[in-house]
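Below: the structure, in structure tokens.
The values are calculated or read from the model by the stated rules, or taken from the named source; none is laboratory data. Keep in mind that this is a model prediction, so the values were computed, not measured. No Cβ is skipped: glycine too gets one built from the backbone with ideal geometry, and neighbour counts run over all protein chains shown. Protein only, heavy atoms only, side chains kept; ligands, DNA and RNA dropped before computing areas. Shrake-Rupley method; radii C 1.70, N 1.55, O 1.52, S 1.80 Å.
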Amino acid sequence: MRRHGYRLPLESTRSVGAVRFVSVNGRSQPVDFTTALLSGLADDGGLYVPEHLPGLPGAWTRATRLAEVGEQVLAPFLESIPRDTLREIIEKAWDFPLPLRTLDDDIHLLELFHGPTLAFKDFGARLMAGVLSHLLEQDERKVTVLVATSGDTGSAVAHGFWNADRIKVFVLYPSGRVSPLQEAQMTTLGGNVHAMEVDGTFDDCQALVKQALTDPQVHSALTLTTANSINPGRLLPQIVFYAWGVIQQTAGDPRIPRAVVPSGNFGNLTAALYAKTMGVPLGRLVAATNANDEVPEYLRTGTFTPAASIPTLSSAMDVGDPSNLARIQHLYDGHVDRIRADVEGVSVSDEETLDEIRNTRNRTGIVIDPHTAVGVRAARRLRSAGETAPFLVAATAHPGKFPDTIERALGEGIPVPESLSKALGKPKQSTPIKADYETWKKLLLADPD
Ligand SMILES: *Cc1c(COP(=O)(O)O)cnc(C)c1O
């Protein structure tokens with residue numbers, strides 16, 4: 001028996017129906033996946049989690065293609081979608097490679113950064129867009145997707161939903177506070193993607209999105225949802241890459257690997273824990289953070305103390321109060337000792353991050369980005385402490401996205417990948433707005449198409 005709250009279903013109960021979704025706060029009715037996808041948050045304000053996690057079918061390790069694994073992992077959550085259609089949606093969404101690359105010292109990178117915005121968020125954003133488009137087609141609905149971003153989420157969502165049928169996207173970002181590359185990725189697409197350049201902070205952007213999501217007048221005019229990482233539609237697809245990584249890693253090596261997840265909002269680590277719970281053979285997971293070490297501290301002391309985020313070189317992980325911790329606690333019925341049995345926290349400083357970019361390059365010739373470097377450093381630290389298991393490090397971004405940090409670490413630059421430099425050359429299309437709800441609401445409602 002598993003010790004935690006999730007029931008692994010018996011074979012005979014598997015056909016009872018699709019997995020339903022419940023709120024971590026426990027005060028909402030269970031809903032189906034479509035409802036969870038279209039509301040983002042439960043009506044009691046809690047994050048949606050699967051009511052139970054289905055076991056993987058016996059043959060899953062024999063899958064030879066990513067879309068095949070994806071179909072096996074995701075079908076129980078998406079029972080209303082025929083299997084063939086589901087596989088087609090996955091193939092279309094993930095039309096880029098997901099290789100495993102070996103460093104030294106039995107450390108292996110799961111390269112999650114070969115999608116259009118060169119970061120792992122492409123997996124969740126693109127599959128969510130594909131599934132949402134398909135579901136909307138069924139009942140001829142249209143939906144408006146809102147997302148507040150400090151950079152990475154917005155570019156992945158903008159690209160993932162670009163040209164998706166029946167979906168209109170508003171990306172709100174703080175003016176002057178995202179990198180030129182990130183801004184170009186969000187503002188040069190056009191079409192159904194509307195970039196809003198907010199004269200304010202990321203928190204202002206988030207407040208504008210939240211206010212719209214809870215405004216009855218807006219709701220009567222539009223079907224609204226959010227593509228922030230709280231949406232289960234972005235989280236569940238991430239389970240698949242851990243299953244895929246383990247199939248690759250264990251092909252010629254029966255040892256059980258440990259996955260290392262560079263973490264900020266802890267969505268990716270939650271997905272890895274779901275994979276482990278569903279039966280993917282993974283050892284104790286490693287939650288690697290930068291100086292924003294609230295979760296490693298929580299695992300150490302048993303008390304969670306949120307804090308304002310500290311800026312670091314791995315900026316997509318600068319989160320002081322990660323929203324997905326609630327999902328992890330729910331998975332283990334709130335028992336920190338059980339979480340601790342499955343997750344080890346490691347915090348890595350900026351200085352160590354720079355040193356690791358150098359160290360890994362010197363040892364292997366491979367250049368890693370600052371987020372991946374946090375994960376690799378965590379693996380090396382545990383290796384030095386005597387760990388013998390293979391490490392599977394989630395390589396969350398392409399180094400070419402962070403030319404300044406790479407230059408600082410290596411004393412030489414790195415070419416900007418072509419997909420990014422192309423965006424830099426295109427005209428910027430964004431609407432500057434004040435951080436004022438009435439202005440934003442007018443724009444949102446102005447053009448209901
Ligand atoms: C978003 C992001 C992370 C953190 O992922 P979480 O799911 O929020 O923990 C790590 N690395 C990169 C490059 C990211 O964009």
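Looking at Arg126, Arg166, which one is touching a helix residue (DSSP H, G or I) at 6+ places or on another chain (Cβ under 7 Å), open to solvent by 10 Å² or more (accessible area, probe 1.4 Å) and at pLDDT 95 or above? Step through it out loud before you land on a result.
Values: Arg166 fails: at pLDDT 95 or above.
It is Arg126.
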- [ ] Identify the residue in region 388-401 that is among the aliphatic types (A, V, I, L, M) and in contact with a helix residue (DSSP H, G or I) (Cβ under 8 Å, 6 or more places away or on another chain) and, among all such residues, is nearest to the ligand (Cβ to nearest atom).
- [x] Ala397
Task: Flag for Phe123 being closer than 27 Å to Arg83 by Cα and in contact with a Ser or Thr (Cβ under 9 Å, 6 or more places away or on another chain) - done: no
- [ ] Determine which member of the set Val393, Val367 is closer than 22 Å to Gly264 by Cα and free of Cβ contacts under 8 Å to residues at least 60 places away in the same chain.
- [x] Val367
- [ ] State whether the residues of region 376-394 include one that is open to solvent by 20 Å² or more (accessible area, probe 1.4 Å), within 23 Å of the chain's Cα centre (by Cα) and among the charged types (D, E, K, R).
- [x] yes
TODO: Filter region 48-70 for residues that are in contact with a strand residue (DSSP E or B) (Cβ under 9 Å, 6 or more places away or on another chain) and open to solvent by 20 Å² or more (accessible area, probe 1.4 Å) and give the result.
DONE: Glu51
Open item on the list: Any residue that is among the basic types (Lys, Arg) and under 22 Å from Lys121 (Cβ atoms) - is there at least one of those in region 393-401?
Closed with: yes
- [ ] Of the numbered conditions (1) within 14 Å of the ligand (Cβ to nearest atom); (2) of a type outside the set (Phe, Trp, Tyr); (3) open to solvent by 20 Å² or more (accessible area, probe 1.4 Å); (4) at pLDDT 95 or above, Arg358 fails exactly one; give the number of that condition.
- [x] (1)
Task: Leading residue by the ranking (farthest from the ligand (Cβ to nearest atom)) among those in region 116-144 that are among the charged types (D, E, K, R) and not in a loop (DSSP other than H, G, I, E, B) - done: Glu137
Task: Flag if Phe113 is modelled with pLDDT of 90 or more, farther than 24 Å from Leu444 by Cα and either in contact with a strand residue (DSSP E or B) (Cβ under 6 Å, 6 or more places away or on another chain) or open to solvent by 30 Å² or more (accessible area, probe 1.4 Å) (or both) - done: yes
Task: Residue in region 402-414 that is within 16 Å of the ligand (Cβ to nearest atom), under 20 Å from the mean Cα position of the chain (by Cα) and open to solvent by 10 Å² or more (accessible area, probe 1.4 Å) present - done: yes
Open item on the list: Suppose we filter Thr303, Thr277 for residues that are open to solvent by 10 Å² or more (accessible area, probe 1.4 Å), modelled with pLDDT of 95 or more and more than 15 Å from the ligand (Cβ to nearest atom); which single one remains?
Closed with: Thr303
- [ ] Could you please find all residues in region 247-286 being in a strand (DSSP E or B) and either under 16 Å from Tyr332 (Cα atoms) or free of Cβ contacts under 8 Å to residues at least 12 places away in the same chain (or both)?
- [x] Leu285
Task: Condition check for Pro296: outside any loop (DSSP other than H, G, I, E, B) and within 15 Å of the ligand (Cβ to nearest atom) - done: yes
